[in-house]
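Have a look at the structure below before the remarks.
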Amino acid sequence: MQKLFLFIVSILCYHSVNAQDYSIQGNVISDNQNLKVSVLLIEAKKQTLTDSLSNFEFNRLKSATYNLKISAIGYRTVYVKIELKKDTVLTNIKLESLDEKLNEVVVTGTQKEVNRLESPVPVEIFTATFFRKNPTPSIFEALQNVNGVRPQLNCNICNTGDIHINGLEGPYTMVLIDGMPIVSSLSTVYGLSGIPNDLVERIEVVKGPASSLYGSEAVGGLINIITKKVQNAAAFSADFMATDYKEFNTDIGFKFNVSPKVSVLTGINYFKYGNKVDHNHDGFTDVTLQDRVSVFQKWNIMRKENRIFSVAARYLYEDRWGGEMSWNKSFRGGNEVYGESIYTKRLEFIGNYQLPVKEKMFVAFSLTNHDQDSRYGTTSYIAKQQIAFSQLTWDKKIGKNDLLFGAALRYTFYDDNTPATSSSSIINAVNQPEKILLPGLFVQDEIKLNKTHSFLTGLRYDYNSIHGSIITPRLAYKLSLNEKNIIRINAGTGFRVVNIFTEDHAALTGARDVIINNDLKPERTYNINLNYIKKVYLKDGSFLGLDLSAFYTYFNNRIIGDFDTNPNQIIYDNLNGHAVSKGLTANVDMTFSSGLKFILGATYQDVSFTENGIKQQQILTEKFSGTWAISYKLRKLNLGIDYTGNVYSPMRLPLLGDLDPRRPFSPTWSIQNIQLVYDGFKNIEIYGGVKNLLNFTPNKGTPFIIARSNDPFDKNVQFAPNGQVLVTPDNPYGLTFDPNYVYAPNQGIRGFIGVRVNIK
């Protein structure tokens, strides 16, 4: 009887234990503190919303296996599996916004930190994650997937280039690093390739006028490369990538604390390509050989009341050459074997210091030294450029007025061995380096009338020690219909002083003579830009973002190189007429709750100049371009897939005369890439894929791309008394050596593989 009693008690106790109630509590975090999140306990068919502190709770649950579905409109749905055997607390369940740029802070449009949606100036943001979808060894190449921005190669031999925004050439684009205008003029051609990707936090792009804040070079737009904040950087990071073209790129970054108040971030980049390739069989290297090292260091000093003080420095050395396959350095500058050899040494120093006063005042400064020693065949180009820049800004709010006052001073020293820096006397030519002092004052006022309407006005006055006074006004208006519909209008003027030899590589390479007919007058522009942003949050949790723009720029005194009048010359002069750049651009960002993501872009543009009543399309400028990045994450396999690419419509190409057999227009062409990324290891990513899937190169469909590659010094070319090239049996098309027929990278399909290490 006693045994029976004990057995019954044990059965009752067992059922009592298993019938015990448990609870699930949790906390959800996101970039929106007021976000209401739905939490569904699928098996129990219970649903609740998070409270004002983003907490949720389910009570009186039996021991079992449950799946939580946590969702909110505009955010990626999260599933959590729970083996419930006791009261369970889930902390910091993170929701990722489907709109990655929802609460991004930008600084480029107004020179002050502001939420991207609040900025009256449209600013496009591209994070390091975006550029990893198609890994490249330099910022120059990385920009190929940004809509409306095209890295343009200017030489088939040395592969130098510049950045086009909405069809305007590189000199119309200002490139900043941490807000400092240190990539300009001479370094526009050679400096972009040495910026290590691993230390870039994001890149901000402004298309359209920005001269009232940034000066005369920001005519067509600007690109601000923002490096990582020391406190946000990983303790150690590394990225190693190689291709089957035998390109090798290494990025290493690490930070350490010198003291409790001083932290230092260091980045080292090394790129090596030493493989001679001549797949088009013209006797010249298809791709420039490069040996490049860049060292970057950024110091952050903690101060009272969290005032800012940071300084950074970067050193770049690059040795690049291209030319005949048999060239080596013993032929440098000679006339036996043709080669283009460029040595670049560059030192940059930048800083930002917040003054120890109650007002919000900053002093920013930069110093750069750029040395270039180059040989283009027998043409020697040795140049030195030094720039000192400082700027004081005062950010002041008075009622509805958000004011920014600024005073800037820029000194530029430039010297080279060309006629550009020598006196006009032929007999007693004297070297006369260019020295330009450019002080300036600017004021900006953003007026928020209410939540719907805001205005921004700006005015800048600069005094150029050579060209005199420069005034550049600016006006912007933002209409916020609601948080999902925003309209912006921006208008302004621009002013640009041209230096042919530092900005146009065609003036140096090949056999053409440079002719400057008159004293070149500064260019002036007038620009207007209309922008519309639409955000759509779908019921299934997906997100659709639209960014539409229309732009128009009118030029006076436009300076254009004439390649057509005389095939032996490039004739530079101010346009006797006007030039116009106009077009439409669209960006579409689609993110599905399943993890599929589309980033699509398209630009239609008409860039032309009218002289003596005759309209012509600008050379090397496409009418239409498109970009895309399609990504999908197989979460169970820890595998990401990225498919990226671009497409360009035909563009007019520089021919050497009526008999030149090469195509006058390029074909429609596209570069496409695919990548797989595995992140199943702790702190390690392994990636690999294929670049240029279509194996497109510009030599296809044309008899040659380098004119007279068999006679690069024009030793067998015969000329008429008027300078025209004679047609001979050895030269049936009447051509001279010229490598400027280039519109696309001359590098075919290739595989790549890499590994990233990131230790917090």
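No value in this document is a laboratory result; all are computed from the given coordinates. Worth saying up front: this structure is predicted, and the values here are computed from it rather than measured. Here Cβ is always computed from backbone atoms with ideal geometry, including for glycine, and neighbour counts include all displayed protein chains.
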Neighbourhood net charge (14 Å Cβ-Cβ; Lys/Arg +1, Asp/Glu -1) for residue 683
0
What size of dipole, in debye to the nearest 20, comes out for the chain about its Cα centre when the only charges are +1 on Lys and Arg C-beta atoms and -1 on Asp and Glu C-beta atoms?
3440 debye
If all Cα-Cα distances of the stretch 19-94 are sorted into 10 Å bins from 0 onward, what percent lands in each bin, rounded to whole numbers?
19, 56, 22, 3
Give me the three principal axis extents of the stretch 691-760 from the C-alpha atoms, as integers in angstrom, largest value leading.
70, 28, 17
If the chain between residue 683 and residue 539 were fully stretched, how many nm would it gain, using 0.36 nm times the residue separation less the Cα-Cα distance?
48.3 nm
Would you work out which of 55, 30, 75 lies farthest towards the positive end of the dipole of the stretch 19-94? Charges go on Cβ: Lys and Arg +1, Asp and Glu -1.
75
Antiparallel %, DSSP beta bridges [both residues in the chain], to 5:
95 percent
As a quick test, which of the pairs 246/691; 228/396; 329/384; 255/384; 451/535 have an alpha carbon distance above 24 angstrom in this structure?
228/396; 255/384
Using a Cα-Cα cut-off of under 17 Å, which aspartates and glutamates could be cross-linked to residue 448, ignoring same-chain neighbours fewer than 8 residues away?
113, 118, 395, 402, 483
Summed residue charge, Cβ within 12 Å of residue 411's Cβ, Lys/Arg positive, Asp/Glu negative
+1
Here the equivalent ellipsoid of the stretch 300-414, derived from its Cα gyration tensor, has semi-axes (largest first, whole Å) of 46, 15, 10
Reachable lysines from residue 45, Cα under 22 Å, same-chain residues fewer than 8 places away excluded?
36, 62, 69, 81, 85, 86, 539
Local electrostatic count at residue 48 - Lys and Arg +1, Asp and Glu -1, tallied over other residues with Cβ under 14 Å:
+3
222 nm [θ] for the chain, helices only, -39500 (n - 2.57) per DSSP H run of 4+, per residue, to 500?
-1000 deg cm²/dmol
If you project the alpha carbons of the chain onto the principal axes, what extent comes out on each, in Å, largest first?
130, 61, 53
